[in-house]
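Enquirer: Before anything else, here's the structure in question.
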Amino acid sequence: RKPVPHPIVVYNAKAQTRALYVMTSKALYIDGMQPKASKALIKKLEKHATHPSFIYTHRWRKDDVVVCDNLSL
């Protein structure tokens, strides 16, 4: 399968926010970078994006409803 390019940072025009869009399980390399440096940056960005301070954990209670909006996340 041929790799498909994706931006590392995505912009949500409606919310006027930016988000990281890179994970080691999906990103093979970053265009224009040496392979070793590219992998290191991908790993560093994933470590930052998955830091516990950015992770929401819901403690379920009766009658709770949780909605996930991937466009805003």
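Enquirer: Where does the charge balance sit around LYS39 when Lys and Arg score +1, Asp and Glu -1, over other residues with C-beta under 14 Å from its C-beta? If you can, show how the numbers build up before the last one.
Expert: Values: positive: LYS26, LYS36, LYS43, LYS44, LYS47; negative: ASP31, GLU46.
My count for the surroundings of LYS39 gives +3.
Enquirer: Before I look further, what does the chain give for accessible area per residue, probe 1.4 Å, in whole square angstrom?
Expert: Ligands and nucleic acids excluded, the figure is 98 Å² per residue.
Enquirer: Find me the longest stretch of the chain that has none of the exposed trypsin sites (Lys or Arg not before Pro), where exposed means in a DSSP loop (not H, G, I, E or B) with at most 16 other Cβ atoms within 10 Å. Don't jump to the answer; show the numbers that get you there.
Expert: On the way: sites that count: ARG1, LYS14, LYS26, ARG59, ARG61, LYS62.
For trypsin sites (Lys or Arg not before Pro) (loop position, at most 16 other Cβ atoms within 10 Å), the longest site-free span of the chain is 27-58.
Enquirer: Separate question: Counting Lys and Arg as +1 and Asp and Glu as -1, what is the net charge of the other residues whose Cβ lies under 15 Å from the Cβ of ASN12?
Expert: +1
Enquirer: Turning to a different aspect of this structure: Could you name the lysines whose alpha carbon sits less than 17 Å from that of LYS39, not counting residues in the same chain fewer than 8 places away?
Expert: Straight-line reach from LYS39, under 17 Å: LYS26, LYS47.
Enquirer: At a probe size of 1.4 Å, how large is the accessible area of HIS48, to the nearest 10 Å²?
Expert: Rounded to the nearest 10, the figure is 100 Å².
Enquirer: Just reorder VAL22, VAL65, VAL10, VAL4 by solvent-accessible area, largest first, 1.4 Å probe, all chains present.
Expert: Details: VAL22 15, VAL65 125, VAL10 55, VAL4 100 Å².
The ranking, largest first, comes out as VAL65, VAL4, VAL10, VAL22.
Enquirer: A further question follows. For the range 22-73, what % of the accessible area comes from carbon and sulfur atoms, probe 1.4 Å?
Expert: Answer for the range 22-73: carbon and sulfur cover 59 percent of the accessible area.
Enquirer: Might you report the magnitude of the Cβ-based charge dipole of the chain about its Cα centre, with Lys and Arg at +1 and Asp and Glu at -1, to the nearest 20 debye?
Expert: Computed about the Cα centre, the dipole is about 280 debye.
Enquirer: With a 1.4 Å probe and all protein chains in place, put LEU28, LEU41 in order of accessible area, largest first.
Expert: LEU28, LEU41
Enquirer: Sort ILE8, ILE55, ILE30 by accessible area with a 1.4 Å probe, largest first.
Expert: So the residues, ranked largest to smallest area, are ILE55, ILE8, ILE30.
Enquirer: On to the next question. Suppose a student asked you for the relative contact order of the chain, using Cα pairs under 8 Å spaced at least 6 residues apart; what percent would you report?
Expert: Value for the chain: 25 percent.
Enquirer: Still on this structure: Sequence neighbours fewer than 8 away in the same chain don't count; with that in mind, list the aspartates and glutamates whose C-alpha is under 20 Å from LYS2.
Expert: Cross-link targets: ASP31.
Enquirer: Can you list the chymotrypsin sites (Phe, Trp or Tyr not before Pro) in the chain that are in a DSSP coil and have 13 or fewer other beta carbons within 10 angstrom?
Expert: Qualifying residues, ordered by number: TYR56, TRP60.
Enquirer: Once percent of Cα pairs over 14 Å apart is worked out from the coordinates, which option in [x] 60; [y] 56; [z] 71 does it equal?
Expert: Among [x] 60; [y] 56; [z] 71, the one calculated here is [z].
Enquirer: Let me ask something else. Based solely on its DSSP helices, what 222 nm [θ] is calculated for the chain when runs of n ≥ 4 H residues each add -39,500 (n - 2.57) and the sum is averaged over all residues, nearest 500 deg cm²/dmol?
Expert: Numbers: 1 runs with 15 residues, N = 73.
-6500 deg cm²/dmol, from helical runs alone.
The values are calculated or read from the model by the stated rules, or taken from the named source; none is laboratory data. Computed from a prediction, not measured in an experiment: that's the story for all the values here. For neighbour counting, all protein chains shown are included, and Cβ atoms are generated from backbone atoms with ideal geometry for every residue, glycine included. SASA here: full protein model, heavy atoms, side chains in, ligands and nucleic acids out. Shrake-Rupley method; radii C 1.70, N 1.55, O 1.52, S 1.80 Å.
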